[in-house]
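Only one structure is covered here, and it is reproduced in the block below.
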Amino acid sequence: MKKTSEIVIIGGGVIGTSTAYYLTKRGKEVVLFEKNDLASGASGACDQDIILQSKNPGIHLQLAMKSAEIYKTLEAELEHPIEYENTGGMILIETEEELEIMRDFVKRQQQVGLEVEILDLKQARELQPGLSRHLVGSTYSPQDAHVNSMELTLGFAKAARKQGARIMLHTEVVGIKQRNGRVQGVVTSRGDVDCEIVINCAGAWAPKIAEMIGLTIPIKPRRGQIIVTEEVAPYVMGDVLSARYIVAKYNPEILENSSDPGIKLGVGLSLSQTQKGNILIGATREFVGYNTDVTRTGLKEILKNATRLVPGLKGMNIIRMFAGLRPYTPDGLPIIGPVEGIEGFFVAAGHEGDGIALSPVTGKIVSDLIVDGKTFIDVSRLALERFAKNNKKA
Amino acid sequence: MAEKKPVYICRCQEVTREEIRKAIADGARTIKGVKNRTHATMGLCQGRTCRRLIEKMLAEATDIKELKPGTRPPVRTIKIEEVVKGDDA
């Protein structure tokens, strides 16, 4: 193994491989270390949605819209089939109360240029068969899309390799060397590598990497269980979410205080169909440490919720179930950028369920910051230091 | 270097021996690694036939002595309606 590299990336998920791709595209020398395999964590245990309309208007939606723009030409750029498809998506609304919240959400999204509207139940049912008659309506955006997250990760890795990146699988980073507040290199299970920059792209495991240099990152693993049906004829229109999914995402405390087992597990509908025909039915949002087991309660609550909203699913067979660990942050935004006080140490992690959607833009931002010192928007709000500031106020 | 007559290892997803060899050459060291690269074991039977064949190929191609079990419930195909009714019935 070569003993030096300009940049070391830790993590072979969609964020690490995207970052490797964009940095080598800008001519940087990169080595990526992955302790297991490409997409062996959350990037290979998630759904396939690239949803714009679930994002809060502001920097979150801005990032998603930039990513969506990149996605349009990404397959050609990577020269790898990533199964990108601009399918459109909808968020199901169950109550008048949710409708009010979604009206406001949609209005603010429209103001920043997202194509999104509210549909009544009749219009919603024309778009998606099998919906329950108790629904009030839905939102609809033609801009939502799909991608195969595993192919995407493999595609980024393949393209990065072509541009000269060295990707070291089954190689664990066990230490980070620093001197006088500067990163010096990493210690791995296959020897040391000296470098100027280390980028922590370890997702839910990012806090463990940060600990190696005495840094605390407020990312927590949040388990998402997803169920897979047999291959069926085209049924799901695109990405179908429920408004409760949005609530689950931004208000975890409401969920934990509930006595309903489904709500407690953070169950919110997320429905989509793969190109082969399997329907992915999600998902839970649970804090259970690094446990990736699937559970009987999870299975039942996800399906109860899904069939309550889309009774048309009842006759289908399920064949598989899996769980992945989403890297949760307290404010729902990823952590992207250099870390104050440790020269050469960057973080690009904490995307929770948005890692796939935001992977192209994250890689681009990190490479811009390293090469140019700035990017297309002000990303200081994504810096790790925002949590330290909040702590002081409190 | 395509095999003259393709040998199908995973019949549900129509994955050949050659494709699995390629996945292992690309860095797959577990069933999940092969799955992510080829879709083998992801069909209707969920790897009942092919999983052991792939495990054998992995063992031959690598120095892995023992593979962690990679299977999780549900262990058989089940209708959504039956799960939802479940204990309440």
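The numbers here are math on the coordinates, done by the rules we state, and not lab data. Predicted model, so just to flag it, every value in this text is computed and none were measured. Methodologically, a virtual Cβ is constructed for each residue, glycine included, from the backbone with ideal geometry; neighbour enumeration extends over all protein chains shown.
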- Message: What is the distance in Å between the Cα centroid of region A:313-374 and that of region A:94-108?
- Response: 27 Å
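Under Stokes-Einstein, with the Kirkwood radius over Cα pairs standing in for Rh, what whole-number D in µm²/s applies to chain A at 37 °C and 0.692 mPa s?
Details: Rh = 21.3 Å.
In µm²/s, the coefficient is 154.
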- Message: Just to confirm the number: angle between the C-alpha axis of helix A:59-78 and the first principal axis of chain A, 0 to 90 degrees, nearest 10?
- Response: 80 degrees
- Principal-axis tilt of helix A:96-111 within chain A, Cα atoms, nearest 10 degrees: 50 degrees
- Message: Nothing charged except the Cβ atoms of Lys and Arg (+1) and of Asp and Glu (-1): what's the magnitude of the dipole of region B:8-88 about its Cα centre? Round to the nearest 20 debye.
- Response: 200 debye
- Message: I need the phi-derived Karplus couplings for region A:220-235: 6.51 cos²θ - 1.76 cosθ + 1.60, θ = phi - 60°, integer Hz, Gly and Pro marked x.
- Response: 10, x, 10, 6, x, 9, 9, 10, 10, 8, 4, 6, 10, 4, x, 9
- Task: Step through the residues of region B:44-53 one at a time and calculate ³J(HN,Hα) from phi using the Karplus curve (6.51 cos²θ - 1.76 cosθ + 1.60, θ = phi - 60°), rounding each to whole Hz and writing x for Gly and Pro.
- Result: 4, 8, 6, x, 4, 8, 7, 4, 5, 5
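Taking the number of other C-beta atoms within 10 Å as the exposure measure, put B:VAL7, A:VAL136 in order starting with the fewest. All intermediate terms of the calculation are to be shown ahead of the outcome.
Numbers: B:VAL7 10, A:VAL136 18.
Least to most surrounded, the residues fall as B:VAL7, A:VAL136.
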- What is the Cα coordinate range of region A:247-374 on the first, second and third principal axes, sorted by size from largest, in whole angstrom? 55, 38, 24
- For helix A:14-25, what angle does its Cα long axis make with the longest principal axis of chain A, in degrees from 0 to 90 and rounded to 10? 50 degrees
- Message: How far apart, in nanometres, would the label points at A:TYR290 and A:GLN184 be if each is projected 7 angstrom from Cα along the Cα-to-Cβ direction?
- Response: 2.7 nm
- Message: Let's see if you can work this out: charge +1 on each Lys and Arg Cβ, -1 on each Asp and Glu Cβ, no other charges. What is the dipole magnitude of chain A about its Cα centre, in debye to the nearest 20?
- Response: 780 debye
- In nm, to one decimal, how far is the A:HIS134 label point from the A:GLU96 one, both placed 7 Å along Cα→Cβ? 1.7 nm
- Hey, what D do you get for region A:112-261 in µm²/s if you plug the Kirkwood alpha-carbon radius into Stokes-Einstein at 25 °C and 0.890 mPa s? 119 µm²/s
- Item | A:ASP120/B:LYS56 FRET efficiency (R0 56 Å; Cβ-Cβ; nearest 0.05) | 0.50
- Task: Work out the P(r) tail for region B:8-88: percent of alpha carbon pairs separated by more than 21 Å, whole number.
- Result: 32 percent
- Query: Can you tell which of A:THR95, A:GLY363, A:GLN53 lies farthest toward the positive end of the dipole of the protein assembly as shown, using +1 and -1 charges on the Cβ of basic and acidic side chains (Lys, Arg; Asp, Glu)?
  - Reply: A:GLY363
- Message: Taking the number of other C-beta atoms within 10 Å as the exposure measure, put A:ASP239, A:ASP192 in order starting with the fewest.
- Response: A:ASP192, A:ASP239
- Note on the structure: Between A:ASN278 and residues 5 or more places away or on another chain, the pairs with built amide H atoms under 5 Å apart involve A:VAL232
- For region A:307-394: span of alpha carbons on each principal axis (Å, largest first): 56, 35, 21
- Message: Give me, ordered by chain and number, the residues 5 or more places off A:THR188 or on other chains with an amide H under 5 Å from its own placed amide H.
- Response: A:VAL174, A:VAL193
- Task: Find which of B:VAL7, B:LEU44, B:ILE31 sits farthest along the positive direction of the dipole of region B:6-52, computed with +1 on the beta-carbon of Lys and Arg, -1 on that of Asp and Glu, about the Cα centre.
- Result: B:ILE31
- Message: Taking the number of other C-beta atoms within 10 Å as the exposure measure, put A:ASP368, A:ASP293 in order starting with the fewest.
- Response: A:ASP293, A:ASP368
- Message: Counting only other residues whose beta carbon sits under 14 Å from that of A:ILE93, what net charge do I get with K and R as +1, D and E as -1?
- Response: -2
